[in-house]
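Here the structure comes first, spelled out in structure tokens, and everything after it is commentary.
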Amino acid sequence: MTFLSPKRLRRGLLIGLALLAALPFARPAAAEETLTPAQKEAFETLIHDYLLDHPDVLIEALQSAEEKLKQQAEERAQQAIATRQKDLLADPEAPVLGNPNGDVTLVEFFDYRCPYCKQVSPSLQALLKEDPKLRVVYKEFPVLGRESVFAARAALAARKQGKYEPFHNALMALKGQLGDDIVLKTAGAVGIEVEKLKADMGAPEIEAQIRRNHELAQALDIRGTPAFIVGTTLIPGAVDVATLRQKIAEARKPG
């Protein structure tokens, strides 16, 4: 979903007002004639002066248009989530933490270099500890450059050594730059055999997994990280643990 900027909305509104203003001056027999430069200037001056005298009209129109666009985006996201349930919840290559048979699944799209993802990570770990019925699916979504892709590949490769969760949490806890050497050093610190990890990172299924995550994010109109999905609700951006608890509780309600 591409949102119209306030500038484009304002321009569209002015054009619409100009067309409405032109109607009283147009003769029925010449309704399709183009306006003369003088008429166009007069109409633009009329609209300009009116909006200066009544700025609340423009503000109200922009707010209404923005709300409508937001509502349409939410409806489209819900439809896309319903259509892509299998990709979201049942991809066998996606890391799953918590209760594999949980009654509610929370899906996160994230990037290891994203500071907002790091900010939310402790909340997710707390939720997993306190909620024995919660299932969390992690979607590696590296969007912040080559270093992000390297870290995502390393994390997915760590699954082959049964070390995804400690490695994931360790990467999320890191501060500062996330270079390749730091990623590999962190892997060794959590008990991963680094040489095997480097070999496994080149597996075609890992590349395919990251590619699928990007395609899925595009289908759901996810433009950045983090982004969460609980039930049929898309939650873009960093959120507090109370909001996540609320969304999980809502997803558990019957019907």
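The values are calculated or read from the model by the stated rules, or taken from the named source; none is laboratory data. Values in this document were obtained by computation on a predicted structure and should not be read as measured data. Backbone-built Cβ (ideal geometry, glycine too); neighbour counts: all protein chains shown.
Brief remarks follow.
- Restricting ALA126, ALA90, ALA170 to residues that are without any contact (Cβ under 8 Å) to a residue 60 or more places away in the chain and touching a helix residue (DSSP H, G or I) at 6+ places or on another chain (Cβ under 8 Å) narrows the list to ALA170.
- Listed by first and then second residue, the pairs linking a residue in the stretch 95-114 that is in contact (Cβ under 8 Å) with a residue 60 or more places away in the chain to a residue that is of a type in the set (Lys, Arg) and crowded, with 21+ Cβ neighbours inside 10 Å, with Cβ atoms under 6 Å apart and 6 or more places separating them unless they lie on different chains, are PHE109/LYS139.
So that you can scan it fast, the table gives a plain yes or no per residue for (1) of a type in the set (S, T, N, Q); (2) farther than 18 Å from THR243 by Cβ; (3) modelled with pLDDT of 75 or more:
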position	(1), (2), (3)
LEU69	no, yes, no
ARG84	no, yes, yes
CYS117	no, no, yes
VAL149	no, yes, yes
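- Sub-7 Å Cβ pairs linking a first residue in the stretch 201-227 that is modelled with pLDDT of 95 or more and crowded, with 17+ Cβ neighbours inside 10 Å to a second residue that is assigned to a helix (DSSP H, G or I) and among the hydroxyl-bearing types (Ser, Thr, Tyr), at least 6 apart or interchain, are PRO226/TYR116, ordered by first then second residue.
- Test for ARG245: is it assigned to a loop (DSSP other than H, G, I, E, B) and modelled with pLDDT under 95: no
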